[in-house]
Amino acid sequence: MGNGKQAFFWHDNWLRSGKLIDITGATCTRYQGVARSARVCDAVSTGQWRVRGQRSRNFHELHHKIQLEPVPNNLMANDQFLWRHEAYVYKDSFNASKTWEQIPNKWNGNKLATGDRLRKWGIQQGCVLCGERDETRDHLFFACPYSYTVWDRLASRLVGRRINPDWQDMLRFIQTGASNRADQVLIRLVFQAVVYNVWRERNGCRHQHSPRGIEQMIKAIHKGVKNMISSLRYPWNHPLNGLLRR
Ligand SMILES: [Zn+2]
């Protein structure tokens, strides 16, 4: 954590215990006195953490943990987002294979963290990106017209005619479908970047504003993936160097 202005209080893993919204449950966020769309810095005022719930049995431990964190302030640098290499190992460097290894575990059970949990309580959660009434993992990746357009535009050249909105089918393609190693690394990068960005967008615009324009999202991911490849510094004859010109 730096100044707390970029990381989302409920949706980013800034306490290293996972997302807070998964710990408290979506309906408890109001109880803590921190808005669902809050950044970490919004939970601070006059140099102190302002999070309610210290007397609650359910939140006592979480509250205590937050109090032990350094309080962000304006003089600190921007928050830095780290990549998970293994459980409990976070680095600022991106490693495609390490990141890839995390994904099957993360998505095991085919459920979204919050939407499906809410559904168990009879609360239906709509898709904030397109307005569809029932938001499931399969909707978000990639049956949703918003996310599918992003996925299609960024991945169609690599996936070819097999591109479609079916999550399982796209996972299979990513594991075994690419015709050469460079394409395989690239499609995994693109896949990971699209999933990450769609997920962040979905969390960010919940209870907040309308989603970023599709073109803007595509441009941002394209640029991000390009930067990632160029920062990997492969030897001059490595096949990935050719990808920069695509
Ligand atoms: Zn949707």
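The values are calculated or read from the model by the stated rules, or taken from the named source; none is laboratory data. Keep in mind it's a predicted model, so treat the numbers as computed, not measured. Here the Cβ positions follow ideal geometry from the backbone for every residue, glycine too, while neighbour counts run over all protein chains shown. What goes into the accessible areas is simple: the full protein's heavy atoms, side chains included, and nothing from ligands, DNA or RNA. Shrake-Rupley method; radii C 1.70, N 1.55, O 1.52, S 1.80 Å.
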Original post:
Under 5 Å between amide H atoms, partner at least 5 residues away or on a different chain: which partners does residue 90 have, H built in plane at 1.01 Å?
Top reply: 85
**OP:** Give the calculated FRET efficiency between residue 5 and residue 56 to the nearest 0.05, with a Förster radius of 22 Å applied to their Cβ-Cβ distance.
**Re:** 0.20
Original post:
Hey, what do the phi angles of the range 81-93 turn into as Karplus ³J(HN,Hα) couplings, whole Hz, using 6.51/-1.76/1.60 and θ = phi - 60°, x for Gly and Pro?
Top reply: 9, 10, 9, 7, 8, 8, 4, 6, 10, 10, 9, 7, 8
**OP:** Starting from the Cα of residue 230, step 7 Å along the direction of its Cβ; do the same at residue 215; then give the gap between the two resulting points in nm.
**Re:** 2.3
Subject >> Rounded accessible area per residue of the range 1-81, 1.4 Å, Å² >> reply: 58
Original post:
Between residue 199 and residue 223, what length in nm is gained on full extension when 0.36 nm per residue of separation is reduced by their alpha carbon distance?
Top reply: 6.9 nm
Subject >> Cα Rg, Dmax, the range 144-209, angstrom units >> reply: 12.7, 43
**OP:** Just order 137-148, 37-48 by mean Cβ neighbour count inside 10 Å, highest at the front, would you?
**Re:** 137-148, 37-48
**OP:** Apply 1/(1 + (r/R0)^6) to the Cβ-Cβ distance of residue 149 and residue 35, taking R0 = 25 Å, and write down the FRET efficiency to the nearest 0.05.
**Re:** 0.25
Original post:
If ligands, DNA and RNA are left out, what is the accessible area of residue 23 with a 1.4 Å probe, given in Å² to the nearest 10?
Top reply: 90
**OP:** Can you tell me the relative contact order of the range 1-81? Whole percent, Cα pairs under 8 Å, sequence separation 6 or more.
**Re:** 42
**OP:** Collect residues whose amide H, placed 1.01 Å from N in the peptide plane, falls under 5 Å from the amide H of residue 44; neighbours closer than 5 in sequence don't count.
**Re:** 50
Subject >> Cα→Cβ-extended label distance, 7 Å offset, between residue 77 and residue 89, nm >> reply: 2.3
